[in-house]
Amino acid sequence: MSNCIMCMEKPKEYINLLDERICRECETKITDLSIDDIEYEYYNMMIKKIWSKYLVKYDESY
């Protein structure tokens, strides 16, 4: 089983976002964040990374 892309822990429960796993704990943190939170930039950067990785993979398939 893959680790959570955000915290690198092995998730018991997770969501799949563009072929990457995000554990329920990180999902909850993300949904509860406000723009002013110190962790906001980290999660924002990680989601952009997931999106970029997916686009590269998608582009290579064509």
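The values are calculated or read from the model by the stated rules, or taken from the named source; none is laboratory data. Keep in mind the model is a prediction, meaning the values are calculated, not measured. With ideal geometry, Cβ positions are generated from the backbone for all residues, glycine too; neighbour counts draw on all protein chains shown.
Okay, here's what the table says:
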| read-out | value |
| --- | --- |
| First in the range 1-24 and charged (D, E, K, R), second anywhere and assigned to a strand (DSSP E or B), Cβ under 9 Å, 6 or more apart | Glu9/Cys23; Lys10/Cys23; Lys12/Cys23; Glu13/Cys23; Arg21/Tyr14; Arg21/Ile15; Arg24/Tyr14; Arg24/Ile15 |
| Restricting the range 50-62 to residues that are of a type in the set (A, V, I, L, M, F, W, C) and surrounded by 11 or more Cβ atoms within 10 Å (Cβ to Cβ), the residue that is nearest to the chain's Cα centre (by Cα) | Ile50 |
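Quick grid of which residues meet (1) at pLDDT below 95; (2) loosely packed, with under 10 Cβ neighbours inside 10 Å; (3) not in a helix (DSSP H, G or I):
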{"residue": "Cys4", "(1), (2), (3)": "no, no, yes"}
{"residue": "Lys12", "(1), (2), (3)": "yes, yes, yes"}
{"residue": "Ile22", "(1), (2), (3)": "no, no, yes"}
{"residue": "Thr28", "(1), (2), (3)": "no, no, no"}
{"residue": "Ile38", "(1), (2), (3)": "yes, yes, yes"}
{"residue": "Lys48", "(1), (2), (3)": "no, no, no"}
